[in-house]
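**Q** Once you've had a glance at the structure underneath, I'll fire off some questions.
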Amino acid sequence: MKFGQNEKSLQEMDCHLDDPDIRRLMRPRKLDFCRIIPCVPGAKPWTHPDVKSSRFPFRPIPLSEMPWVDLKDYHVAAVEHMASAYRLYCYYGDPACKGVFRGDDMLVCESIPVEDEHARFSGILLYDEHEYERAVRDWKSYWDWIENRNPNRWLDQERGNLTFDQKNMTHCVRLLWSGLNIVRNGEPIVRFDGEQLGYLMALRTGRITDYEAVMAKVEGLVAEMDEAAKTSPIPESIDEAAVEGLHAEVSRMAWDRLFGEKVA
């Protein structure tokens, strides 16, 4: 499934259902990451009986709670010495108003005329761009997974042949074996072989279907790890001097490789 596919149908569903899960499937909107601090407590158009935060002075109100406010009717100017904060000026009904977000939803600051500083000032706009970009990355990752996932992974569960996710269970057993080796010998198992590899492959491919037996094995490994921890050779604390020495050595090697100069 490509990015944005079925987004129209998702929006139609969202009109009828106030379901957070549906909203997470839709591409994040910059407007959802905007909040407004009114300049005067109780001033219109910020107040509304359904908006609890508007009853208290200078509380940031999510733009999503103010559907009657359209940022296309406003201009913004940057607030000095403050990131992600903008002074908001209302140009409602003015045909020359360009809006806060333009083009590819880019926030654009304007030079506000002196005579508009008091007449049109409406409050402070807080726009969390970093949180918006993180949400877009998460959204793209989700749809990337939807497009490239292996549908056969779930067939055995849907048919009732398996009552657990064999891939996740395989990772669980693998990590327990590797962790047990760390506790006992101070190092992980990078590559498995022999009986352990055979068991993991059988579990991964669905040839092991007895969930209770797998869980018994998992619980046994956990018990082994708890017991091994009592006599583990791993020290309780690290050698800070050794770590700092290793860091300095690696830094010198990196500097020599990048600049061809020896560092004392």
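The values are calculated or read from the model by the stated rules, or taken from the named source; none is laboratory data. Quantities reported herein were computed from a predicted structural model and do not represent experimental measurements. Heads up, the Cβs are rebuilt from the backbone with ideal geometry, glycines too, and the neighbour counts pull from every protein chain shown.
**Q** Identify the single condition in (1) assigned to a loop (DSSP other than H, G, I, E, B); (2) at pLDDT 85 or above; (3) in contact with a Lys or Arg (Cβ under 9 Å, 6 or more places away or on another chain) that His75 does not satisfy, given that it satisfies every other one.
**A** Status for His75: all satisfied but (1).
**Q** Does the stretch 175-194 contain at least one residue that is more than 33 Å from the chain's Cα centre (by Cα), free of Cβ contacts under 8 Å to residues at least 24 places away in the same chain and in a helix (DSSP H, G or I)?
**A** yes
**Q** A further question on this structure: Look through the stretch 52-68, keep the residues that are more than 14 Å from Leu126 (Cβ to Cβ) and surrounded by 12 or more Cβ atoms within 10 Å (Cβ to Cβ), and return whichever of them is modelled with the highest pLDDT.
**A** Arg55
**Q** Starting from residues that are loosely packed, with under 12 Cβ neighbours inside 10 Å and among the charged types (D, E, K, R), keep the ones in the stretch 94-110 and report whichever is farthest from Leu71 (Cα to Cα).
**A** Within the stretch 94-110, the match that is farthest from Leu71 (Cα to Cα) is Asp104.
**Q** Now a separate question. Filter the stretch 162-174 for residues that are modelled with pLDDT of 90 or more and under 25 Å from the mean Cα position of the chain (by Cα); which is surrounded by the fewest Cβ atoms within 10 Å (Cβ to Cβ)?
**A** His171
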